[in-house]
There are 2 protein chains.
Amino acid sequence: MRAEIISVGTELLLGQITDTNAPFLARLLASYGVDVRFKQTVGDNLERVRASVALALDRADLVVTSGGLGPTEDDLTVEAVALATGLPLVFDQGTADTIRTLFESRGRQAPESVFRQARIPLGATVIPNRRGTAPGLMVPVGDRTVFTFPGVPWEMEGLVADGLEPWLAARAGGEVIRSRVLRIAGLGESVVEERVRDLIHGSNPTVAPLAKRGEVHLRITAKAAPEAVGPMLAAMEAALRERLGHAVFGADDESLPLVTARLLVERRLTLAIAESCTAGLVASRLTEMPGSSAFLLAGYVPYSNEAKVRDLGIAPELIAAHGAVSAEVAAAMAAGVRARARADLGLAVTGIAGPSGGTAAKPVGLVYLGLQDASGTRTEELRFGSEPGRDGVRYLAAQAATNLLRLCLLRL
Amino acid sequence: MRAEIISVGTELLLGQITDTNAPFLARLLASYGVDVRFKQTVGDNLERVRASVALALDRADLVVTSGGLGPTEDDLTVEAVALATGLPLVFDQGTADTIRTLFESRGRQAPESVFRQARIPLGATVIPNRRGTAPGLMVPVGDRTVFTFPGVPWEMEGLVADGLEPWLAARAGGEVIRSRVLRIAGLGESVVEERVRDLIHGSNPTVAPLAKRGEVHLRITAKAAPEAVGPMLAAMEAALRERLGHAVFGADDESLPLVTARLLVERRLTLAIAESCTAGLVASRLTEMPGSSAFLLAGYVPYSNEAKVRDLGIAPELIAAHGAVSAEVAAAMAAGVRARARADLGLAVTGIAGPSGGTAAKPVGLVYLGLQDASGTRTEELRFGSEPGRDGVRYLAAQAATNLLRLCLLRL
């Protein structure tokens with residue numbers, strides 16, 4: 001099957017927004033083995049959208065459009081599809097009722113203009129929009145098919161899942177393609193690859209490594225009948241986890257702070273944090289999850305040495321002897337913050353975020369972590385260098401501190 | 001003049017990479033007043049690239065391609081342009097010499113395949129590539145013109161600056177389009193629109209409002225001769241600033257924390273922050289800028305009431321009487337943190353981020369800010385509701401706290 005993607009919107013032609021819908025659709029179509037040969041981008045102009053759809057129907061079996069489906073005069077895609085296919089537009093009462101109900105549920109009356117969205121080409125199937133007002137359409141044109149979706153990515157993705165994916169799955173010999181991403185912290189991409197190299201070379205499921213900032217992802221993709229695809233993913237996930245152990249912190253959209261916060265809640269442990277170079281980043285990320293007051297007692301950003309001495313009880317002599325960025329001070333910060341807040345765990349970060357301020361002995365990107373629990377104190381030295389930039393060093397330090405905490409919680 | 005952009009590359013059709021060249025070219029063409037009506041993306045296939053170029057030449061005066069210009073068999077764009085235009089390919093000795101010299105300067109011998117890049121359509125002008133081997137081409141086709149560029153963005157941008165921009169400038173009657181974005185905090189989009197409505201209705205410069213999370217943007221766009229466009233933007237900016245006053249915090253890529261941090265440094269004032277619901281977000285954003293240790297003395301995340309009492313000296317009776325989320329406690333936090341850190345300014349945030357935990361009297365999204373300087377203490381009550389979600393409430397609270405600080409600094 002050959003497909004063509006059409007993105008509609010003058011703002012795309014002006015370069016004001018970057019088209020993320022077309023790559024999304026392209027990856028989806030590729031995952032079902034559909035051959036995409038052309039992609040078109042066209043402005044909000046009836047005749048030009050019509051010409052694009054006609055051209056696409058001339059050279060593809062499946063045409064997928066996004067954009068131009070809203071309630072305004074600029075939204076011409078449905079009309080253009082009708083013109084390109086010769087199908088008359090008819091009024092779809094079901095869609096009109098849905099729109100009216102949606103507005104009423106918000107205590108507003110639907111303006112007349114919004115009912116433009118209830119006109120559909122004769123014979124089209126409406127794909128209801130759970131995330132907005134403009135429905136998607138599946139329009140059969142002889143042995144070819146046009147799918148139209150709105151341009152708002154969140155709405156388009158929902159409609160694609162509801163309408164296009166089942167259609168593709170039905171035509172893919174009943175096989176579906178599913179992915180799962182394993183997320184890894186504390187190991188570099190090359191180490192991860194080395195440990196799982198033989199598994200990466202399989203063909204179904206495939207395993208693709210991807211380096212992200214402060215973590216490594218392994219994307220497992222399997223192609224099989226709907227009932228078989230889940231177990232295939234699970235088997236590969238188990239094999240990868242056996243190789244990588246606790247370095248795998250989560251899957252899909254589970255972030256490192258989320259997983260760590262969840263462990264703190266499960267183990268009913270309390271935490272206090274002292275962070276210098278990250279200046280609140282560790283605390284603010286750990287509290288993104290609701291219910292974080294169950295574990296976080298207090299955070300400190302002792303940016304000045306005075307604050308380190310006053311709030312965390314660090315001896316000025318220790319700072320004078322080793323410098324504020326040192327394993328000794330990181331350990332003292334962890335102990336100090338734990339004692340002050342009477343928490344089960346004390347976590348500390350101190351480092352040189354840069355871009356200036358480093359020395360040969362203590363270069364930009366040098367970070368020390370400290371962690372104290374009832375059993376003792378450990379420290380970790382990290383050298384990120386100056387290349388990640390100030391933002392990068394801070395992010396990597398926060399990620400490493402959170403991972404140190406997570407690994408400690410797994411042992412408790 | 002009408003233009004069409006063609007991006008060549010199978011990896012684009014697979015969605016493996018996002019096309020940033022096309023938006024770059026689109027913005028450039030728009031800035032010269034050139035009307036881009038279509039954009040095509042096509043894979044590495046000779047016949048399909050030829051068809052795309054032929055179609056584009058049929059409906060545009062200027063065709064700009066990127067991609068498919070390298071030394072490999074996949075790189076077919078020049079051959080496709082030759083087929084689409086009927087121009088024979090000729091060998092360009094100058095380009096061949098340049099390539100040979102480039103390789104020799106790296107101590108390597110040029111492989112035969114690389115000389116594919118020396119074949120050009122008859123009559124084409126070579127645009128030498130300072131950043132790689134594949135040159136750009138300017139190909140006159142009757143009264144139309146095709147420009148071809150390699151797909152590597154860094155190389156393409158250099159060639160565009162050297163070849164396409166001068167060509168456009170010469171044909172644009174000398175007019176260019178330039179934009180500037182004014183950024184506004186503390187006022188809603190409707191209030192901003194109301195204050196500047198008459199200015200929004202102008203046609204050159206145009207002023208377009210855009211609501212962003214926690215701020216409103218006004219994009220000013222002017223079209224004029226190069227020497228006139230700057231003053232036009234500046235005049236409109238001045239008119240808008242007069243209406244909006246200090247609500248305008250910056251322009252273009254100046255963020256609210258950046259502008260606020262800069263004010264603290266300029267005024268040589270020190271700051272201490274106590275943040276409950278934002279848990280370090282205000283401090284971590286204010287310290288994104290290098291040199292922030294000049295103003296930030298200490299930050300506190302007094303998540304528990306014990307920490308509020310112990311670290312900020314807040315009377316337990318005050319919390320018992322008003323609740324931790326109250327104007328009284330926000331004021332006491334600001335005073336406490338300022339006194340403890342001996343800072344010029346004390347800033348405090350306390351609120352209910354949600355999604356649960358609110359009451360009828362104190363609903364989710366209720367946030368109090370406190371700020372104390374030598375002249376006194378002020379508080380601010382904000383009601384964001386539950387709709388922005390936990391993340392949204394925290395972000396909006398951090399943004400509002402930073403803006404309160406900024407407005408105070410402007411008065412000092």
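The values are calculated or read from the model by the stated rules, or taken from the named source; none is laboratory data. As the structure is a prediction and not an experimental result, all values here were calculated from the model. Neighbour counts are summed over all protein chains in view; Cβ atoms, including those assigned to glycine, are modelled from backbone coordinates with ideal geometry.
Would you kindly identify the strands (runs of 3 or more DSSP E) lying entirely within segment A:334-412 that contain at least 1 residues that are surrounded by fewer than 17 Cβ atoms within 10 Å (Cβ to Cβ) and away from every other protein chain (no Cβ under 14 Å)?
Qualifying strands (runs of 3 or more DSSP E): A:376-383.
Would a scan of segment A:306-320 turn up a residue that is of a type in the set (D, E), more than 13 Å from A:A274 (Cβ to Cβ) and in a helix (DSSP H, G or I)? Quick ask: steps written out before the conclusion?
Here is the first cut: in segment A:306-320, the ones of a type in the set (D, E) are A:306, A:311, A:317.
This time we only want the ones that are more than 13 Å from A:A274 (Cβ to Cβ), so: A:306, A:317.
Restricting the remaining residues to those that are in a helix (DSSP H, G or I) gives A:306, A:317.
Checked segment A:306-320: at least one residue is of a type in the set (D, E), more than 13 Å from A:A274 (Cβ to Cβ) and in a helix (DSSP H, G or I).
Residues checked against (1) under 26 Å from A:E266 (Cα atoms); (2) among the acidic types (D, E); (3) touching a residue at least 60 places away in the same chain (Cβ under 8 Å); (4) outside the structural domain of A:T278 (by TED's automatic domain parsing):
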residue	(1), (2), (3), (4)
A:A327	no, no, no, no
A:M333	yes, no, no, no
A:D344	yes, yes, yes, no
A:G351	no, no, yes, no
A:A360	no, no, no, no
A:A374	yes, no, no, no
A:L382	no, no, no, no
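Could you give every pair whose Cβ atoms fall below 7 Å, whose first residue belongs to segment B:207-230 and is free of Cβ contacts under 8 Å to residues at least 40 places away in the same chain, and whose second residue is exposed (fewer than 14 other Cβ atoms within 10 Å of the Cβ), counting only separations of at least 6 or pairs across chains?
B:H217/B:L210
Looking at (1) crowded, with 20+ Cβ neighbours inside 10 Å; (2) hydroxyl-bearing (S, T, Y); (3) under 23 Å from the mean Cα position of the chain (by Cα), can you tell me which one B:S276 breaks?
(3)
Would you kindly identify the helices (runs of 4 or more DSSP H) lying entirely within segment B:1-87 that contain at least 2 residues that are surrounded by fewer than 24 Cβ atoms within 10 Å (Cβ to Cβ) and within 11 Å of chain A (Cβ to nearest Cβ)? Spell out the reasoning first.
Numbers: elements: B:10-13, B:21-31, B:46-59, B:77-85.
So the answer is B:10-13, B:21-31, B:46-59.
Among the numbered criteria (1) in contact with a Ser or Thr (Cβ under 7 Å, 6 or more places away or on another chain); (2) exposed (fewer than 14 other Cβ atoms within 10 Å of the Cβ), which single criterion is violated by B:L256?
Every condition holds for B:L256 apart from (2).
Return the total of residues in segment A:271-299 being without any contact (Cβ under 8 Å) to a residue 60 or more places away in the chain and β-branched (V, I, T).
1
I'd like to know if segment A:10-18 contains one or more residues that are under 21 Å from A:T145 (Cβ atoms) and assigned by TED's automatic domain parsing to the domain that holds A:M138.
Checked segment A:10-18: no residue is under 21 Å from A:T145 (Cβ atoms) and assigned by TED's automatic domain parsing to the domain that holds A:M138.
Residues B:M138, B:M156: which one is in contact with a strand residue (DSSP E or B) (Cβ under 9 Å, 6 or more places away or on another chain), of a type outside the set (G, A, S) and part of a helix (DSSP H, G or I)? Outline the logic, then answer.
Values: B:M138 fails: part of a helix (DSSP H, G or I).
Matching residue, one of B:M138, B:M156: B:M156.
Could you pull out the residue among B:G245, B:G250, B:G291 that is under 25 Å from the mean Cα position of the chain (by Cα), within 30 Å of B:R195 (Cα to Cα) and surrounded by fewer than 19 Cβ atoms within 10 Å (Cβ to Cβ)?
The conditions single out B:G245.
Of the conditions (1) buried (at least 19 other Cβ atoms within 10 Å of the Cβ); (2) without any contact (Cβ under 8 Å) to a residue 60 or more places away in the chain; (3) not aliphatic (A, V, I, L, M), B:R195 satisfies every one except a single condition; which number is it?
Of (1) buried (at least 19 other Cβ atoms within 10 Å of the Cβ); (2) without any contact (Cβ under 8 Å) to a residue 60 or more places away in the chain; (3) not aliphatic (A, V, I, L, M), only one is false for B:R195: (1).
How about segment B:140-152: which of its residues are at pLDDT 90 or above and either surrounded by fewer than 21 Cβ atoms within 10 Å (Cβ to Cβ) or not aliphatic (A, V, I, L, M) (or both)? Explain how you work it out, then say what you get.
Quick first cut of segment B:140-152, residues at pLDDT 90 or above only: B:140-151.
Correct list: B:P140, B:V141, B:G142, B:D143, B:R144, B:T145, B:F147, B:T148, B:F149, B:P150, B:G151.
Being β-branched (V, I, T), surrounded by fewer than 12 Cβ atoms within 10 Å (Cβ to Cβ) and assigned by TED's automatic domain parsing to the domain that holds B:S66: is that true of B:T101 here?
Values: β-branched (V, I, T): yes; surrounded by fewer than 12 Cβ atoms within 10 Å (Cβ to Cβ): yes; assigned by TED's automatic domain parsing to the domain that holds B:S66: yes.
So B:T101 passes the test.
Could you check how many residues of segment B:305-330 are more than 13 Å from chain A (Cβ to nearest Cβ), surrounded by fewer than 23 Cβ atoms within 10 Å (Cβ to Cβ) and touching a strand residue (DSSP E or B) at 6+ places or on another chain (Cβ under 7 Å)?
Total satisfying the criteria: 2.
For the structure I just gave you, tell me whether B:L182 is on the phi < 0 side of the Ramachandran plot, surrounded by 15 or more Cβ atoms within 10 Å (Cβ to Cβ), in contact (Cβ under 8 Å) with a residue 12 or more places away in the chain and not assigned by TED's automatic domain parsing to the domain that holds B:T95. Quick ask: steps written out before the conclusion?
Values: on the phi < 0 side of the Ramachandran plot: yes; surrounded by 15 or more Cβ atoms within 10 Å (Cβ to Cβ): yes; in contact (Cβ under 8 Å) with a residue 12 or more places away in the chain: yes; not assigned by TED's automatic domain parsing to the domain that holds B:T95: yes.
Answer is yes for this residue.
Tell me which residues, restricted to segment A:368-392, are out of contact with any strand residue (DSSP E or B) (no Cβ under 7 Å at 6 or more places or on another chain) and of a type in the set (A, V, I, L, M).
Within segment A:368-392, just A:A374 meets the criteria.
Could you name every one of the strands (runs of 3 or more DSSP E) located completely within segment A:194-304 that has at least 2 residues being within 14 Å of chain B (Cβ to nearest Cβ), more than 25 Å from B:G358 (Cα to Cα) and at pLDDT 95 or above? Steps first, answer last, please.
Values: elements: A:206-212, A:215-224, A:248-251, A:271-275, A:296-301.
Output list reads A:271-275, A:296-301.
On the basis of being at negative phi and within 28 Å of the chain's Cα centre (by Cα), does A:S31 make the cut?
Considered against the rule, which asks whether it is at negative phi and within 28 Å of the chain's Cα centre (by Cα), A:S31 comes out as yes.
Before we move on, is B:L137 modelled with pLDDT of 95 or more, surrounded by 13 or more Cβ atoms within 10 Å (Cβ to Cβ) and over 37 Å from the mean Cα position of the chain (by Cα)?
Criteria not met by B:L137.
Take the conditions touching a residue at least 60 places away in the same chain (Cβ under 8 Å), assigned by TED's automatic domain parsing to the domain that holds B:V160, under 21 Å from B:E165 (Cα atoms) and among the small types (G, A, S) and apply them to B:A134. Does it pass?
Working: touching a residue at least 60 places away in the same chain (Cβ under 8 Å): yes; assigned by TED's automatic domain parsing to the domain that holds B:V160: yes; under 21 Å from B:E165 (Cα atoms): yes; among the small types (G, A, S): yes.
The answer is yes for B:A134.
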